[in-house]
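Let me begin by presenting the structure, written as structure tokens, before commenting on it.
Each reported figure results from applying straightforward, stated rules to the coordinates on display, with no laboratory input. Owing to the predicted nature of the structure, the values given are computational and were not obtained by experimental measurement. Every residue, glycine as well, gets a Cβ built from its backbone with ideal geometry; the counts of neighbours run over all protein chains shown.
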Amino acid sequence: MYTKYKHLLFFSLLFFIGAESSWAQSLSLNKQNLNDYYRRQQLLGNVNPTLSFTSRPLFSEALDTDNIFDPENTLENSSLTNFNSTFTFHKGRGKFTLLPASILNQYNSHHPEGINDGSMIPARGAQIRADLGFYFKYSLLSITFNPELVYAHNKLYDGFPSGYKTTLNLQFPNSKGTIDLPERIGGFHYTKFLLGQSSVRLSYKPISIGLSNENLWWGPGYKNSLLMTNSASGFLHLTLNTVHPVKTPIGSFEGRLIAGKLEESGYTEGLPDDWRYLNAMVLSYQPRWVPGLFLGFTRSFQIYSEDMGSGFSDYLPVLSLLSKSSGGSNEEVDSQRQDQLISLFARWLFPESNAEIYFEYGREDHSWDMRDFLLEPTHTSAYILGAHKLLGFKGDRYFQVRGEITQMALSQTTLNRNRDYTNPLANAWYYHHQVKHGYTHKGQLVGAGIDPGSNTQTLEISWNREIKQVGIEFDRYVHNNNFWYESIKDFRANWVDLSTSVFANWDYKNFLVFGKIKLVSSRNYQWLYEPTWAEVQADYWTHPNNTFNLHTQFGVSYRF
């Protein structure tokens with residue numbers, strides 16, 4: 001794998017122009033409370049308004065802070081100890097600091113629940129993730145070593161019922177040879193030690209290049225994103241990225257180009273025994289003439305390693321033309337076993353109104369040509385739409401309201417165009433008829449953490465004061481409508497989760513504390529709807545398979 005990366009590494013080094021080093025300390029996506037805090041601060045006008053928040057992790061340079069984990073500068077006066085975990089050397093050219101020690105506990109009473117939890121797995125019962133590490137910087141070189149230890153009880157639960165219907169067994173997403181999304185990853189007492197949020201970088205302002213295992217988040221969404229989230233564990237990748245917005249006469253730019261390795265879970269049968277090469281990028285532009293507006297796109301290609309060539313376009317297919325016809329092919333089905341995802345996004349920030357709106361529109365499969373796109377723009381499409389507002393200010397206290405809609409179910413045009421394929425859902429988001437593993441890493445989705453073909457609507461209301469936050473969230477989660485349209489079809493049998501969550505983030509001296517209690521009512525769990533004839537006669541809308549799940553999270557971080 002690394003032999004194949006050397007050409008990309010050489011190509012990336014050509015971009016290094018300048019002599020001023022960068023601290024390039026990143027804010028892990030595991031610290032969601034701090035990520036949300038900085039985004040609220042931008043709405044308040046306290047963070048660089050040219051920072052897009054569409055390519056994360058964020059870096060200390062972009063946030064203009066010396067200690068990214070102490071944004072309110074309270075530790076110096078309120079620390080529990082006199083221990084200074086950070087020291088500099090060699091006339092300030094070097095730096096060493098201990099990263100926060102963190103523990104996250106998660107529990108599910110009935111079945112797996114939870115997204116955007118990184119290296120944690122879908123599991124019933126108790127689960128814990130712990131991490132601790134350090135950050136080292138000398139001149140142009142920076143090293144972040146932040147490994148993670150994951151343990152899950154991983155109890156058995158009522159999963160998809162075998163023998164319910166033949167079509168279900170053949171087409172359900174977790175069935176053999178369709179996508180690498182096993183219902184249960186591993187057995188009882190699952191334990192894994194991972195590199196976590198670790199990286200090695202060489203950085204010149206404003207460019208950084210390196211080898212990283214960090215989780216990435218691309219796009220403006222806070223609950224979901226189409227191409228890159230932290231719903232799976234981090235994967236090893238080469239990265240060339242900006243560490244803060246690059247100002248030009250026409251506006252500011254941010255971007256990231258990666259080449260990585262996606263691995264299989266080992267728990268799904270019928271898939272090729274091969275890892276996949278992933279080439280992906282995100283680019284965001286903030287026009288000089290329209291303050292607060294961010295326009296951008298994301299794009300990714302994955303291909304099995306045994307199908308890789310040795311040319312420039314094999315290592316950097318994201319730089320190729322968009323349409324299939326421009327590639328000179330005479331067939332709509334690609335000749336190589338590769339899969340492309342692409343999205344366009346916009347975020348509009350209104351600091352004077354303490355608000356923002358955003359959207360992301362994506363295609364799982366690129367159009368044959370412009371005519372094809374204009375005739376059927378919804379083919380293999382998905383979108384995210386959201387808004388975020390701060391209001392009710394009383395001194396440094398205020399309320400936050402934000403909502404987000406994610407639509408990933410296939411349009412009818414997509415279902416119709418896929419009739420020639422063995423699997424009618426082959427071009428649904430994150431599936432592919434040639435890349436059998438789908439858009440996954442170690443058995444979890446690299447993109448949005450909800451099931452493929454699903455839709456969600458989320459509304460959150462919270463009280464805020466600096467880092468402190470107490471709130472309530474309402475979710476409606478429609479599971480895999482693609483599968484329901486194809487195989488279930490009974491309009492009473494949609495699997496829909498209705499949930500209410502109460503959460504809090506709090507800081508006290510060195511501690512950052514997070515807690516969440518989520519009550520989930522699953523209607524027609526696993527799409528099971530087989531009432532008796534007597535039940536139907538008594539009540540046509542009878543609900544024979546509703547279940548309840550209690551989902552809790554509790555996390556603590558200690559800042560040295």
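Quick notes on this one:
- Using θ = phi - 60° in the Karplus curve 6.51 cos²θ - 1.76 cosθ + 1.60, the 3J(HN,Hα) couplings for the stretch 479-495 round to 7, 5, 5, 4, 5, 5, 4, 6, 10, 8, 6, 6, 5, 8, 10, 4, 8 Hz; x is entered for Gly and Pro.
- Taking 79, 252 and counting other C-beta atoms within 10 Å, the order from fewest to most: 79, 252
- Gyration tensor verdict on the stretch 483-534 (Cα atoms; rounded if a/c is under 1.5, prolate if a/b is larger than b/c, oblate otherwise): prolate
- Calculated diffusion of the chain, Stokes-Einstein form, Kirkwood radius summed over Cα pairs, 4 °C and 1.567 mPa s, µm²/s: 53 µm²/s
- Residues 429, 217, 289, 463 arranged by fewest to most Cβ contacts within 10 Å: 289, 463, 217, 429
- Derived scalar couplings ³J(HN,Hα) [the stretch 75-89; Karplus, 6.51 cos²θ - 1.76 cosθ + 1.60; whole Hz; x for Gly, Pro]: 5, 4, 9, 10, 4, 6, 10, 8, 6, 9, 7, 10, 9, 10, 8
- Sequence of 440, 50 once ranked by neighbouring C-beta atoms within 10 Å, starting from the fewest: 50, 440
- Shape of the stretch 415-560 from the C-alpha gyration tensor: oblate (a/c of 1.5 or more and a/b not above b/c, with a ≥ b ≥ c the square roots of its eigenvalues).
- Applying both filters, DSSP loop and at most 15 other Cβ atoms within 10 Å, to the trypsin sites (Lys or Arg not before Pro) of the stretch 423-495 gives 489, 492.
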